[in-house]
Amino acid sequence: MAIIIDETKRVCIQGITGREGRARAALMLGYGTNVVAGVTPKKAGEEVLGVPVFDSVKDAVTATGGIDISVILVPAKFVKSAALEAIGAGVKLLLIVPDRVPMWDAMEIADAAKTAGAQFIGPNTLGVLSPGRAVIGMMGGKAESAKAWFKPGPVGVISRSGGMSSSTAYYLGKAGIGISTIVHVGGDSVLGMRIPDVALQFENDPDTHAIVIFGEIGGSMEEDLAALMTAGKVTKPVVAYIGGKAAKEGTRFSHAGAIIEGNRGTHISKTTALRNAGAIVVDGFGDLPEAAKKALESTSVRSM
């Protein structure tokens, strides 16, 4: 199995006729994602790489018989209206790729999603990839590289950094460790799925036997994951690296979500919480593969 995306999920791309939409459609289709529709207002009747284009998500849902995931690839100022349109059409999972989405827009999307029983990933996310099955977003860049870099296996990867999502999975693969799903939760301060939410999905995935986290200073996602582990809600082995150890107080680090609040969000608070909860926390990014191997050995599961 995999979480979030596989070859059976019916995917729509909002903004498919734009430059980014066309490029990411090529990646998704080339990798095997079941892209059934695209949406761009006033472009109904056109096709992009064989995918029919509709004026609205509602029209796409009606014509295709249902959309499982909508990938939003429109300029940041149009993200809120695109997301609310998809939620209103009954789509239950959105992937919001663009960065610079206004915080208040993201908050409004979150409120609408909660009311409708929907979920979203992002904003400012590279996407989600289940090796050998499907990808949504822009992870891997091109289908050929995505197929070459990421191999199927028993480890789930969650990252707060887009580039390090790919790098983490790549270096695990180089060490002979395959991946069930890679999830970039996004770098903004207001997010849909957070690290703890994704970890709970991996906990319930029978093909994921260990979880690797690329975390960062700021926010409380890693401490919240530690709380789930302590409560026995995440029982699978967790291996983590937390970036930003050398950052001084007041330093801007990477993403909008990397904000330290009181005693939470610091490098030491995150690493201490995770270690106390039973996670393997490594000091160097390059130590992740060996630590992941040890975590898998404790489960008696092969790495590939």
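Just the residues that are of a type in the set (A, V, I, L, M, F, W, C) and assigned to a helix (DSSP H, G or I), please, taken from the range 9-55.
Correct list: A23, A25, A26, L27, M28, L29.
Can you tell which of A106, A83 is touching a residue at least 60 places away in the same chain (Cβ under 8 Å), in a helix (DSSP H, G or I), in contact with a helix residue (DSSP H, G or I) (Cβ under 9 Å, 6 or more places away or on another chain) and more than 30 Å from A210 (Cα to Cα)?
A106
Keeping to the range 77-93, report how many residues are of a type outside the set (K, R), over 15 Å from M28 (Cβ atoms) and within 18 Å of the chain's Cα centre (by Cα).
The total comes to 3.
Could you go through the range 66-73 and let me know if any residue there is over 18 Å from the mean Cα position of the chain (by Cα) and in the same structural domain as A37 (by TED's automatic domain parsing).
yes
Under 9 Å between Cβ atoms, at least 6 apart or on separate chains: pull out the pairs that start in the range 225-238 with a residue that is part of a helix (DSSP H, G or I) and end on any residue that is hydroxyl-bearing (S, T, Y) and surrounded by fewer than 24 Cβ atoms within 10 Å (Cβ to Cβ).
The qualifying pairs are A226/T272; M229/T235.
Just the residues that are surrounded by fewer than 22 Cβ atoms within 10 Å (Cβ to Cβ) and closer than 20 Å to A83 by Cα, please, taken from the range 35-51.
Listed by number, the residues that qualify are V36, T40, P41, K42, K43, A44.
Based on this model, can you work out whether E216 counts as touching a helix residue (DSSP H, G or I) at 6+ places or on another chain (Cβ under 6 Å) and more than 22 Å from T299 (Cα to Cα)?
Judged against the criteria, E216 is not a match.
Output the number of residues of the range 187-205 satisfying the condition of being touching a strand residue (DSSP E or B) at 6+ places or on another chain (Cβ under 7 Å) and either hydrophobic (A, V, I, L, M, F, W, C) or modelled with pLDDT under 95 (or both).
The total comes to 5.
For the range 119-141, state whether one or more residues are surrounded by fewer than 23 Cβ atoms within 10 Å (Cβ to Cβ), of a type in the set (K, R), outside the structural domain of A291 (by TED's automatic domain parsing) and closer than 15 Å to G32 by Cβ.
Yes, the conditions are met somewhere in the range 119-141.
I need the full set of residues from the range 149-196 which are of a type in the set (A, V, I, L, M) and crowded, with 24+ Cβ neighbours inside 10 Å, in order please.
Selection gives V155, V157, I158, A169, L172, I177, I179, I182, V183, V185, L191, I195.
Given the criterion assigned by TED's automatic domain parsing to the domain that holds I280 and over 17 Å from the mean Cα position of the chain (by Cα), identify the matching residue among G215, G192, G178, G187.
Being assigned by TED's automatic domain parsing to the domain that holds I280 and over 17 Å from the mean Cα position of the chain (by Cα) holds for just one of G215, G192, G178, G187, which is G178.
Would you confirm whether any residue within the range 152-163 is under 21 Å from V11 (Cβ atoms), assigned to a helix (DSSP H, G or I) and at pLDDT below 95?
Yes; the residues of the range 152-163 include at least one that is under 21 Å from V11 (Cβ atoms), assigned to a helix (DSSP H, G or I) and at pLDDT below 95.
Would you confirm, using the coordinates I've provided, whether S189 is farther than 15 Å from L296 by Cβ, in a loop (DSSP other than H, G, I, E, B) and out of contact with any helix residue (DSSP H, G or I) (no Cβ under 6 Å at 6 or more places or on another chain)?
yes
With the checklist (1) of a type outside the set (D, E); (2) buried (at least 21 other Cβ atoms within 10 Å of the Cβ); (3) free of Cβ contacts under 8 Å to residues at least 12 places away in the same chain in hand, flag the one item K270 doesn't pass.
(3)
Among the residues in the range 56-74, are any outside any helix (DSSP H, G or I), farther than 17 Å from T125 by Cα and acidic (D, E)?
The answer is yes, given that some residue of the range 56-74 is outside any helix (DSSP H, G or I), farther than 17 Å from T125 by Cα and acidic (D, E).
The values are calculated or read from the model by the stated rules, or taken from the named source; none is laboratory data. On a predicted model such as this, the values are computed, not experimentally measured, just so you know. Don't worry about glycine lacking a Cβ; one is built from the backbone with ideal geometry, like all the others, and counts go over all protein chains shown.
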